[in-house]
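Reviewing the structure listed below.
Bear in mind that the values in this text are calculations on the coordinates, not laboratory data. Everything numeric in this text was worked out from a predicted model, so none of it was measured. Cβ: placed from backbone, ideal geometry, glycine included. Neighbour counts: every protein chain shown.
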Amino acid sequence: MRDAYIVTSVRTPGCRRAKGAFKDTRPEELLSFILKSAVEKTEGLDPAMIDDVMIGCAFPEAEQGLNIGRIAGRIAGLPETVGGATVNRFCASGLEAIVQSSMRIMTGWSDIAVGGGVESMSFVPMGGNLPRPDADYSRDHADLYVSMGITAENVAFRYGVSRQDQDEFAYQSQMKAAKALEGKLYKEIVPTPAVTFVQQADGTYKKETFLQDVDDGIRADTTVDRLAKLPPVFRAGGSVTAGNASQTTDGAAATVIMSGDMIKKLGVTPLAKLRYYTTVGCRADEMGVGPRYAIPKLLDMAGLAVGDIGLWEINEAFASQALYCIRELGIDKYMDRLNVYGGAIALGHPLGCTGAKLCAQLVNRMKERGVKYGVESMCIGGGMGAAALFELCE
Ligand SMILES: CC(C)(COP(=O)(O)OP(=O)(O)OC[C@H]1O[C@@H](n2cnc3c(N)ncnc32)[C@H](O)[C@@H]1OP(=O)(O)O)[C@@H](O)C(=O)NCCC(=O)NCCS
């Protein structure tokens, strides 16, 4: 099999659902902008050379429906000869899209492909606009459709993750992010046009744009005491709060992937190679445990141990599940390698975008720090986990 090289990996900022900078920016606008940026940042890349575009989206309907993978490519100015698809594996969708594009390179079916992800949780709510669970199946298996917050409560209760530990973990995520923001360390972010509707003198509204260059959910002023005072939001007497859960977020990310032959031909310097990818299934009502099973499966495939991994991007869907997985796997011995510029509790979790966003964060940090192996992993609604191993190109 050939190698799949990650050449460019970028993202928009992540902004708060309904309250943040992208609340009026349609998902096609976010995605087409970041696709265009990824192509423009790739030296020597003529867009007509791209074979296909795969885009992760967890709720591909309404404004992000009708195959946004194709629509956003056209809005981005890619030639009509470049195809586009939408891929759904809920919170791993963006990673799944990058992997499917990479596999096209590995098999020799493509030389240049783009993978990415998008989610506007402002435009399309989590669960979709009109959820219609299967009535017969859900009579006995309602767990498949359970709220993600309840699954986080289940993990906390069943595996003894205390409220205090969840809040401390959330606090650390916010502090790492605040420090990275202050140091302007998020090099993978492309300042992105955000739409705003400005009222005119005659009472009508005019569409205008401004440039958004930071994740707007970071709370540099939070404290463990303030986190401890927040009420549980999913279960009475529970421990999952607005402060120790991932934020609901709008964002998009894109990655350009090439074969070794194409890299040589264009003379581009790759960032990393995608080495392995795997998924697992687990109990739906505690879907947050997914990484605890996906990561060992991935490391076994690669013949590596936890200590060999220099950087981890493990999605913080909830502090309870992230902490459980980290502890079970012994990653808590390497906290200085985990979500080094903050995780989804501080930066947000734009569902279908997240896998592509974590890729951009991971490979760019690997490059900055000269780290050989990096892993991204996440839990997935319905009861799954995914994990991918990237290797730095020397
Ligand atoms: C938990 C959840 C319901 C909270 O939603 P929300 O009420 O819109 O959350 P917000 O971030 O706006 O926070 C609400 C309030 O809590 C307080 N708060 C939140 N985080 C805080 C922090 N770190 N420190 C102090 N106060 C905080 C603030 O008062 C905030 O109000 P403000 O924004 O006006 O300051 C939502 O974030 C959620 O559903 N998260 C999980 C998403 C999910 O399931 N994803 C899929 C995973 S598989």
*Approximate spin-label separation ALA305-ASP336, in nm, with each point projected 7 Å along Cα-to-Cβ*: 1.9 nm
*Please tell me the relative contact order of the chain in percent, rounded to the nearest whole number, where contacts are Cα pairs under 8 Å and at least six residues apart.*
28 percent
*asked:* Report the Cα centroid-to-centroid distance between region 110-124 and region 371-391 in angstrom, as an integer.
replied: 17 Å
*Of GLU286, GLU182, GLU61, the one that fluctuates the most in a GNM where the chain has Cα springs shorter than 10 Å*: GLU182
*Which residue, GLU376, GLU316, GLU29, tops the fluctuation ranking in a GNM of the chain built on C-alpha contacts under 10 Å?*
GLU29
_Under a crude label model (7 Å from the Cα following the beta-carbon direction), how far is ALA48 from SER162 in nanometres?_
6.5 nm
_Among THR107, ASN129, HIS141 the positive-end extreme of the charge dipole of region 60-186 (Cβ point charges)_ = THR107
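To the nearest 20 debye, what is the magnitude of the charge dipole of region 57-184 about its Cα centre, counting +1 on the Cβ of each Lys and Arg and -1 on the Cβ of each Asp and Glu?
Details: 11 positive and 15 negative charges, 68 e Å.
Magnitude of the dipole: close to 320 debye.
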*Residue farthest toward the positive end of the dipole of the chain, with Cβ of Lys/Arg at +1 and Asp/Glu at -1: which of GLY385, ASN88, THR269?*
THR269
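Net charge near THR279: determine it from the other residues with C-beta under 11 Å of the C-beta of THR279, scoring Lys and Arg +1 and Asp and Glu -1.
Numbers: positive: ARG89, LYS297; negative: GLU96.
That works out to +1.
Can you tell me the dipole magnitude for region 237-318 around its Cα centre, using point charges on the Cβ only (Lys, Arg +1; Asp, Glu -1), in Debye to the nearest 20? Write down the numbers at each step before the final one.
Working: 7 positive and 8 negative charges, 78 e Å.
With only Lys, Arg, Asp and Glu charged at Cβ, the dipole is about 380 debye.
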*asked:* Tell me whether region 1-135 comes out rounded, prolate or oblate; compute the Cα gyration tensor, take square roots of the eigenvalues as a ≥ b ≥ c, and use a/c under 1.5 as the rounded threshold.
replied: prolate
*asked:* Take THR209 and VAL233, extend 7 Å from each Cα along the Cα→Cβ direction, and tell me the distance between the two endpoints in nm.
replied: 3.0 nm
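First obtain the Kirkwood hydrodynamic radius of the chain from its Cα pairs, then insert it into the Stokes-Einstein equation at 25 °C and 0.890 mPa s, and state the resulting D in µm² per second as a whole number.
Details: Rh = 20.8 Å.
For the chosen part, D equals 118 µm²/s.
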*Take the Cβ-Cβ distance between ARG139 and ARG327 as r, set R0 to 35 Å, and report the resulting FRET efficiency rounded to the nearest 0.05.*
0.45
*Let me know the charge dipole size of the chain about its Cα centre in debye, to the nearest 20, where only the beta-carbon of Lys, Arg (+1) and Asp, Glu (-1) is charged.*
400 debye
*Select from ILE150, ILE98, ILE55 the residue whose mean-square fluctuation is largest in a Gaussian network model of the chain (Cα-Cα springs shorter than 10 Å).*
ILE150
*Scan around GLY342 for amide H atoms under 5 Å from its own, H built in the peptide plane at 1.01 Å from N, and keep only partners 5 or more places away or cross-chain.*
ALA177
*Listing LEU274, LEU95 from the residue with the fewest other Cβ atoms within 10 Å to the one with the most, what is the order?*
LEU274, LEU95
*For ARG17, distant residues with modelled amide H under 5 Å away*: THR248, THR249, ASP250
*Spatial separation of Cα centroids for region 225-253 and region 40-59, in angstrom*: 35 Å
_Among VAL363, CYS353, ALA48 the positive-end extreme of the charge dipole of the chain (Cβ point charges)_ = VAL363
*Considering amide H positions built from the backbone, and no H for Pro or chain starts, which residues 5 or more places from GLY381, or on another chain, come under 5 Å of its amide H?*
CYS91
*Table column - 3J(HN,Hα) (Hz), region 238-253, Karplus curve with 6.51, -1.76, 1.60, x for Gly and Pro*: x, 10, 9, 10, 4, x, 10, 9, 5, 7, 7, 8, 10, x, 8, 8
